[in-house]
Amino acid sequence: MSTYPEDLQYTKEHEWIAGLDESTTVTVGITEYAAEQLGDVVFVQTPEVGSTISAGDAVGEVESTKSVSDIYAPVSGEVVEVNQAVVDDPSLVNSDPYGEGWMFKVRVSDEEPADLLTAEEYAALTSGES
Amino acid sequence: MSRPTPLREVHESLGATLTDFAGWLMPLRYGSESAEHNAVRQAAGLFDLSHMGEIHVTGPGAAAALDFALVGHLSALAPGRARYTMICAEDGGVLDDLIVYRLAPETFMVVANASNYPMVARELTERAAGYEAAVEDRSETYALIAVQGPRSAEILARVTDADLAGLKYYAGLPGAVAGSDALIARTGYTGEDGFELFVAAADAVPLWRALSEAGEPYGLRPAGLSARDTLRLEAGMPLYGNELTREITPFEAGLGRVVRFDKPGDFVGRAALEARAKEEPRRRLTGLAALGRRVPRHGYPVVLRDGGEVVGEVTSGAPSQTLGRPIAMAYVDAAATGALAVDIRGNHEPVEIVDLPFYRRSS
């Protein structure tokens with residue numbers, strides 16, 4: 001069963017965002033539900049450090065044995081760090097999607113992020129899909 | 001709605017991710033598909049293949065009817081043996097690839113792919129008209145469970161008294177397995193030693209449970225279609241709809257050996273296939289291994305690394321557990337020269353040509 005940590009925010013594209021309320025820099029990853037749907041992740045491409053991304057843009061890729069999916073930017077801003085560990089060992093996305101499997105960090109620009117979901121709202125969304 | 005197999009509830013209780021495949025609700029994976037793949041290479045895997053079609057062809061003219069209907073020489077097949085073959089159209093295009101078991105001198109069982117077997121049954125019925133042979137689609141009555149992997153013979157021996165040591169590759173014998181009547185066939189689609197057990201649909205659940213229990217100490221684990229696909233790809237085995245289609249003859253697929261021109265009499269597709277056998281194929285099924293980590297997938301263009309000209313198309317691709325990098329099969333123009341790449345969503349990722357199969361078991 002998928003878990004939905006309460007302290008994260010979520011997107012309809014199955015990313016999670018940590019730290020949005022406390023800091024201007026947030027951490028982004030894909031949800032446990034997404035990882036379960038994908039199966040064993042074999043390749044992760046993150047955006048480049050220093051690149052400017054806009055909410056909704058495809059900024060990376062996650063490949064599993066059977067499929068490939070885009071990673072969408074959940075917020076707008078500048079990419080300040082990427083998780084080289086998950087690039088080197090993509091299975092971290094499956095084993096620890098909310099921890100070691102994080103993907104990149106963004107310094108959020110001052111625009112208001114749109115359409116983020118609470119854990120409860122995201123759980124409801126995924127229960128409708130599966 | 002997809003049709004469930006007799007094992008649906010077992011798959012659900014094991015937490016399988018179910019997927020639609022050719023109109024059937026099938027287990028895609030139970031947990032990690034990589035772990036399932038590796039279990040089959042190193043120990044054993046248990047597969048539900050009840051979506052496959054089983055068509056019986058019986059009667060004094062059954063052998064002659066199959067010689068006419070298929071590209072293989074089935075009248076030469078000894079009872080108790082099996083043969084990989086194909087059914088082709090008049091123009092030589094592949095309609096399906098098949099395994100034919102000769103169960104008795106006048107009884108054959110044709111095993112066809114899930115997506116094709118109603119069509120194969122119709123074609124066989126038409127082609128057998130005029131022969132003393134009856135064609136009966138018995139797919140509904142069968143479940144098919146496979147045990148594949150290096151430990152499969154030891155596992156199966158725990159639940160049957162049948163002479164497994166005497167059962168050769170591509171042979172089948174009737175026997176009781178865990179109390180159920182079965183056709184025990186030493187065939188598979190994984191590149192490993194293994195067995196396929198054809199049983200009555202009602203016996204599927206107890207047989208699965210008995211095999212699971214017997215296999216537990218050997219590292220047997222249930223394996224889904226995802227692992228089945230990566231296993232057969234590593235073994236260089238074609239999948240109908242990917243490497244084999246209506247537009248391809250067995251020669252392009254590198255499987256011209258299954259077309260038996262030396263058999264007596266005419267067969268459907270003979271004239272077209274004889275013409276095709278004389279010319280060099282314009283494109284060939286080719287093994288590719290990626291130099292990077294991105295996966296070439298079905299339908300992606302194969303291009304020249306220098307210049308980017310499209311010279312082929314990927315038919316199947318996946319990350320290979322055994323080779324540690326992505327592999328693919330592709331049709332590539334025979335005239336293409338120079339290093340190759342695959343256009344992976346706009347990026348030309350370099351690949352190298354490698355011999356098929358990618359994996360061959362030792363022993």
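The values are calculated or read from the model by the stated rules, or taken from the named source; none is laboratory data. It should be emphasised that the depicted structure is a prediction, and the values quoted were computed from it without experimental measurement. Please note: Cβ atoms are built from the backbone with ideal geometry, for glycine as well, and neighbour counts cover all protein chains shown. Heavy atoms of the whole protein, side chains included, go into the accessibility calculation; ligands, DNA and RNA do not. Shrake-Rupley method; radii C 1.70, N 1.55, O 1.52, S 1.80 Å.
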Criterion (away from chain A (no Cβ under 14 Å), under 18 Å from residue A:40 (Cα atoms) and open to solvent by 10 Å² or more (accessible area, probe 1.4 Å)) met by exactly one of B:41, B:81: B:41
Is it the case that some residue within the range A:16-39 is among the aromatic types (Phe, Trp, Tyr), crowded, with 21+ Cβ neighbours inside 10 Å and within 14 Å of chain B (Cβ to nearest Cβ)? yes
Under 8 Å between Cβ atoms, at least 6 apart or on separate chains: pull out the pairs that start in the range A:86-97 with a residue that is touching a residue at least 40 places away in the same chain (Cβ under 8 Å) and end on any residue that is open to solvent by 60 Å² or more (accessible area, probe 1.4 Å) and not charged (D, E, K, R). A:87/A:45
In the range B:256-267, residue nearest to the other protein chains (Cβ to nearest Cβ) [restricted to those that are of a type outside the set (Asp, Glu), in contact (Cβ under 8 Å) with a residue 60 or more places away in the chain and part of a loop (DSSP other than H, G, I, E, B)]: B:259
For the range B:115-133, give me the residue count where each residue is in a loop (DSSP other than H, G, I, E, B) and either surrounded by 21 or more Cβ atoms within 10 Å (Cβ to Cβ) or touching a strand residue (DSSP E or B) at 6+ places or on another chain (Cβ under 6 Å) (or both). 2
Quick one: would you say residue B:31 is closer than 29 Å to residue A:91 by Cα, open to solvent by 10 Å² or more (accessible area, probe 1.4 Å) and either within 14 Å of another protein chain (Cβ to nearest Cβ) or outside any helix (DSSP H, G or I) (or both)? yes
Residues of the range B:268-321 being open to solvent by 50 Å² or more (accessible area, probe 1.4 Å), touching a residue at least 60 places away in the same chain (Cβ under 8 Å) and within 13 Å of chain A (Cβ to nearest Cβ), which ones? B:321
Within the bounds of the range B:336-344, is there any residue that is surrounded by 12 or more Cβ atoms within 10 Å (Cβ to Cβ), part of a strand (DSSP E or B) and away from every other protein chain (no Cβ under 14 Å)? yes
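Under the condition of being outside any helix (DSSP H, G or I) and open to solvent by 10 Å² or more (accessible area, probe 1.4 Å), which residue from the range B:203-230 is farthest from residue B:144 (Cα to Cα)?
B:219
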For the range B:168-179, state whether one or more residues are assigned to a strand (DSSP E or B), assigned by TED's automatic domain parsing to the domain that holds residue B:155, over 15 Å from the mean Cα position of the chain (by Cα) and surrounded by 20 or more Cβ atoms within 10 Å (Cβ to Cβ). yes
Identify the single condition in (1) of a type outside the set (Lys, Arg); (2) in contact (Cβ under 8 Å) with a residue 40 or more places away in the chain; (3) closer than 20 Å to residue B:238 by Cα that residue B:350 does not satisfy, given that it satisfies every other one. (3)
What residue, among those in the range A:62-76 that are surrounded by fewer than 23 Cβ atoms within 10 Å (Cβ to Cβ) and of a type in the set (Gly, Ala, Ser), is nearest to residue B:227 (Cα to Cα)? A:67
